[in-house]
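Visitor: Let me give you the structure first, and then I'll get to my questions.
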Amino acid sequence: MPIDSDFQKKRKKIGKEKGVVVWGPLDPPKKLGIRGSNVAVDLDLCTGCGVCLKICPAQVYEWRETAEHPTSDKKPFPAKATKCICCYQCEKQCPVQAIRVIFGGPQSPFDMLASYLVMAQLIGGPLYGLLFGSYLGLAIPFYVGWIILAVSLPFFFSPVLYFKRRGKPAEGKGIMDTTVIVESGTYGIVRHPQFLGAILTVCASIFISQHWLFALIGILIVWVTPKWIREAEENLLVKFGDEYKRYMEKVPRMNFVLGIIRLLRRKKELEVEK
Ligand code: SF4
Ligand code: SF4
């Protein structure tokens with residue numbers, strides 16, 4: 001029997017061991033429960049084969065002694081789960097299906113704050129414009145802002161629009177747990193449409209509200225976005241390997257003008273081939 005995919009609802013959180021959540025029931029040394037949240041290991045199922053430690057590209061696991069446990073005397077402990085890049089190799093290759101990986105593990109406090117600010121900017125700027133008009137009263141930027149907002153939304157919500165249908169998320173997983181590279185729709189124009197959407201939304205929010213507070217938040221978001229993109233690319237390269245390198249050569253990172261030109265070229269080449 002594999003690890004219970006609903007363990008976070010069905011099991012009781014007992015506490016933490018060196019920062020890693022412990023899920024009961026426990027009766028050590030014979031019954032050790034589940035360790036971890038976004039990367040979780042059912043220690044009672046684990047046979048201590050070591051496959052997960054060997055294959056994990058992010059070195060998330062480390063051995064722990066578990067003397068007198070019926071299935072093995074050492075077990076992998078997801079000590080650095082925040083480093084997990086969601087490649088799902090450990091989950092796929094564990095011979096007893098003792099591991100469950102859930103996308104969207106703990107974020108650093110800074111990234112969490114920045115994510116909230118993106119949402120505040122997305123809702124706050126247009127809402128301010130709707131309720132009070134623009135702070136500076138400049139009509140052209142105000143209307144341009146609404147146009148940019150309309151353009152930005154399909155990019156910003158690209159994961160929701162495309163991942164479920166085209167990303168083939170694994171059974172029982174969320175839409176972000178794609179198993180193939182999505183190369184169509186907005187992903188055929190730029191590799192990170194959601195980040196492009198976020199930047200366009202920031203601009204829209206500033207133009208619509210024309211308020212210094214939204215400008216200030218916007219600067220922070222634009223400053224942090226390259227870091228998020230860099231991290232996402234590193235993870236995707238490990239997850240999809242050469243296939244992602246091929247996609248990188250074909251589709252630009254964020255330059256949507258270049259992305260549209262390349263997309264049209266590819267379409268033309270396909271028509272010529274036909
Ligand atoms: S999903 Fe990949 S990165 Fe995350 S713990 Fe498993 S093997 Fe390591
Ligand atoms: S691959 Fe599975 S059985 Fe092997 S050590 Fe890791 S959790 Fe245990």
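The values are calculated or read from the model by the stated rules, or taken from the named source; none is laboratory data. Note that the structure is predicted; figures quoted are calculated from it, not measured. Positions of Cβ are backbone-derived with ideal geometry, glycine not excepted, and every protein chain shown enters the neighbour counts.
Visitor: Name the residues in the range 28-46 that are farther than 22 Å from Tyr88 by Cα and assigned to a loop (DSSP other than H, G, I, E, B), would you?
Guide: Initial filter on the range 28-46 (farther than 22 Å from Tyr88 by Cα): 28-32.
Listed by number, the residues that qualify are Pro28, Pro29, Lys30, Leu32.
Visitor: While we're here: Quick one: which of Glu231, Glu271 is out of contact with any strand residue (DSSP E or B) (no Cβ under 7 Å at 6 or more places or on another chain), among the acidic types (Asp, Glu) and under 18 Å from Phe195 (Cβ atoms)? Please lay out each step first, then the result.
Guide: Numbers: Glu271 fails: under 18 Å from Phe195 (Cβ atoms).
Matching residue, one of Glu231, Glu271: Glu231.
Visitor: Identify the residue in the range 47-80 that is over 21 Å from Trp23 (Cβ atoms), near ligand 2 (Cβ under 7 Å from one of its atoms) and in a loop (DSSP other than H, G, I, E, B) and, among all such residues, is farthest from the chain's Cα centre (by Cα).
Guide: Cys49
Visitor: Right, here's the next one. Restrict the check to the range 127-134 and report whether at least one residue is in a helix (DSSP H, G or I) and aromatic (Phe, Trp, Tyr). Let's see the steps before the verdict.
Guide: First pass over the range 127-134, keeping only residues in a helix (DSSP H, G or I): 127-132.
Still in the list and also aromatic (Phe, Trp, Tyr): 128, 132.
Looking through the range 127-134, at least one residue is in a helix (DSSP H, G or I) and aromatic (Phe, Trp, Tyr).
Visitor: In this structure, is Thr179 hydroxyl-bearing (Ser, Thr, Tyr), in the same structural domain as Ile123 (by TED's automatic domain parsing), in a loop (DSSP other than H, G, I, E, B) and surrounded by fewer than 23 Cβ atoms within 10 Å (Cβ to Cβ)? Spell out how you get there, then give the answer.
Guide: Working: hydroxyl-bearing (Ser, Thr, Tyr): yes; in the same structural domain as Ile123 (by TED's automatic domain parsing): yes; in a loop (DSSP other than H, G, I, E, B): yes; surrounded by fewer than 23 Cβ atoms within 10 Å (Cβ to Cβ): yes.
Taking the combined requirement at face value, the residue satisfies it.
Residues are listed down the side, and each one gets a yes or a no for (1) farther than 19 Å from Pro169 by Cβ; (2) more than 16 Å from ligand 1 (Cβ to nearest atom); (3) outside the structural domain of Asp177 (by TED's automatic domain parsing); (4) touching a residue at least 24 places away in the same chain (Cβ under 8 Å):
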| site | (1), (2), (3), (4) |
| --- | --- |
| Asp27 | yes, yes, yes, no |
| Gly50 | yes, no, yes, yes |
| Cys56 | yes, no, yes, yes |
| Phe77 | yes, no, yes, yes |
| Lys80 | yes, no, yes, no |
| Gln89 | no, no, yes, yes |
| Gln97 | no, no, yes, yes |
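Visitor: If you don't mind, there's one more thing I want to ask. Any residue at all in the range 196-212 that's part of a loop (DSSP other than H, G, I, E, B) and over 23 Å from the mean Cα position of the chain (by Cα)?
Guide: Kept after step one, since they are part of a loop (DSSP other than H, G, I, E, B), are these residues of the range 196-212: 210-211.
Next, only the ones that are over 23 Å from the mean Cα position of the chain (by Cα) stay: 210-211.
There is at least one residue in the range 196-212 that is part of a loop (DSSP other than H, G, I, E, B) and over 23 Å from the mean Cα position of the chain (by Cα).
Visitor: For residues in the range 153-176 being in a helix (DSSP H, G or I) and at pLDDT below 90, which is surrounded by the fewest Cβ atoms within 10 Å (Cβ to Cβ)?
Guide: Kept after step one, since they are in a helix (DSSP H, G or I), are these residues of the range 153-176: 153-156, 158-166.
Add one more test, that the residue is at pLDDT below 90, and what stays is 164-165.
Values: Lys164: 14, Arg165: 12.
The residue in question is Arg165.
Visitor: Given the options Ser115, Ser108, name the one that is among the polar types (S, T, N, Q), at pLDDT below 90, loosely packed, with under 13 Cβ neighbours inside 10 Å and within 30 Å of Phe157 (Cβ to Cβ).
Guide: Details: Ser115 fails: loosely packed, with under 13 Cβ neighbours inside 10 Å.
Every option except Ser108 fails the conditions.
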